[in-house]
1. Name the one entry in 112, 108, 95, 134 that is open to solvent by less than 30 Å² (accessible area, probe 1.4 Å) and farther than 18 Å from residue 17 by Cα.
2. What helices (runs of 4 or more DSSP H), lying completely within region 128-190, carry at least 1 residues that are basic (Lys, Arg) and closer than 20 Å to residue 68 by Cα?
3. So if I check each of 44, 20, which one is surrounded by 24 or more Cβ atoms within 10 Å (Cβ to Cβ) and either away from the ligand (no atom under 13 Å from the Cβ) or closer than 22 Å to residue 137 by Cα (or both)?
4. Let me spell it out: the conditions are (1) open to solvent by 30 Å² or more (accessible area, probe 1.4 Å); (2) under 15 Å from the mean Cα position of the chain (by Cα); (3) under 27 Å from residue 158 (Cβ atoms), and residue 69 meets all of them except one. Which number is the exception?
5. Just for region 123-149: of the residues that are of a type in the set (Asp, Glu) and free of Cβ contacts under 8 Å to residues at least 40 places away in the same chain, which one is farthest from residue 32 (Cα to Cα)?
6. Can you confirm whether region 102-109 contains a residue that is assigned to a helix (DSSP H, G or I), touching a Lys or Arg at 6+ places or on another chain (Cβ under 9 Å) and either without any contact (Cβ under 8 Å) to a residue 40 or more places away in the chain or β-branched (Val, Ile, Thr) (or both)?
7. Return a yes/no flag: does region 72-82 have any residue that is more than 11 Å from the ligand (Cβ to nearest atom), open to solvent by less than 60 Å² (accessible area, probe 1.4 Å) and either aromatic (Phe, Trp, Tyr) or at pLDDT 95 or above (or both).
Amino acid sequence: MSAGTASKPHLTRETIVAFLGDIFERRGGEEYLGEPVTMAEHMLQGAHFAEKAGEREEVIVAALLHDIGHFTSEFGTFSMADTQDRHHEDAGAEVLAPFFPSLVTDCVKYHVAAKRYLCATRPAYFKRLSEASVHSLKLQGGPMNDGEVAEFEKNPNLADIIKVRHYDEAGKQAGLQTRPFSHYAPMVQRVVDAHCGG
Ligand code: FE
């Protein structure tokens with residue numbers, strides 16, 4: 001293994017949940033740049049709000065895992081030439097894709113696009129963004145243009161993608177207590193098993 005690269009972990013439906021839990025455990029304390037919560041707090045808060053709203057398990061799991069791509073170095077895809085955190089949504093969706101339904105992977109893959117979509121279509125939404133989120137919006141291409149909006153609206157999972165985006169925004173509250181990853185692990189496994197065939 002050369003310096004700056006990680007070997008690609010061999011993941012199966014039996015190991016994927018432990019793999020994800022281990023990332024929360026070891027890396028979850030890392031700062032979520034510009035926000036008053038850690039990465040784990042942010043994702044657990046997203047899941048907390050989805051669960052509280054009575055969402056389906058796939059949506060709760062999507063909220064829980066939406067930013068997992070921030071830990072790309074865990075996926076064996078990281079190299080020193082990478083620009084940090086660039087396209088984390090694609091990296092996250094890619095590692096989840098073999099094990100999760102498209103509803104989950106689309107919510108992960110398009111949570112950044114959803115912000116650009118909402119800024120273009122719902123002017124009031126922009127005011128709700130955190131300072132860090134406004135800053136990253138610029139780097140992500142700003143609000144969508146009309147063509148991008150029309151294209152985005154073709155996604156059959158649009159409604160759930162938007163929901164997860166709102167849980168993402170909600171999950172930035174300093175000091176809010178949530179349940180740990182272990183609370184969600186059986187639910188994550190159920191979603192994996194349903195997708196991978198019982
Ligand atoms: Fe997020």
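The values are calculated or read from the model by the stated rules, or taken from the named source; none is laboratory data. Please read all numbers here as calculations on a predicted model, not as lab measurements. Counting neighbours? That spans all protein chains shown, and the Cβs are built from the backbone with ideal geometry, glycine included. What goes into the accessible areas is simple: the full protein's heavy atoms, side chains included, and nothing from ligands, DNA or RNA. Shrake-Rupley method; radii C 1.70, N 1.55, O 1.52, S 1.80 Å.
1. Numbers: 108 fails: farther than 18 Å from residue 17 by Cα; 95 fails: farther than 18 Å from residue 17 by Cα; 134 fails: open to solvent by less than 30 Å² (accessible area, probe 1.4 Å).
Among 112, 108, 95, 134, only 112 is open to solvent by less than 30 Å² (accessible area, probe 1.4 Å) and farther than 18 Å from residue 17 by Cα.
2. Numbers: elements: 131-139, 146-152, 158-170.
Where helices (runs of 4 or more DSSP H) fall fully within region 128-190 and carry at least 1 residues being basic (Lys, Arg) and closer than 20 Å to residue 68 by Cα, they are 158-170.
3. Numbers: 44 fails: either away from the ligand (no atom under 13 Å from the Cβ) or closer than 22 Å to residue 137 by Cα (or both).
Only one candidate passes the filter, namely 20.
4. Residue 69 satisfies all of (1) open to solvent by 30 Å² or more (accessible area, probe 1.4 Å); (2) under 15 Å from the mean Cα position of the chain (by Cα); (3) under 27 Å from residue 158 (Cβ atoms) except (1).
5. Step one: of region 123-149, the residues of a type in the set (Asp, Glu) are 131, 146, 148.
From what's left, free of Cβ contacts under 8 Å to residues at least 40 places away in the same chain: 146, 148.
Values: 146: 31, 148: 28 Å.
Taking the candidates together, the pick is 146.
6. So far as region 102-109 goes, no, none of its residues is assigned to a helix (DSSP H, G or I), touching a Lys or Arg at 6+ places or on another chain (Cβ under 9 Å) and either without any contact (Cβ under 8 Å) to a residue 40 or more places away in the chain or β-branched (Val, Ile, Thr) (or both).
7. Yes: region 72-82 contains one or more residues that are more than 11 Å from the ligand (Cβ to nearest atom), open to solvent by less than 60 Å² (accessible area, probe 1.4 Å) and either aromatic (Phe, Trp, Tyr) or at pLDDT 95 or above (or both).
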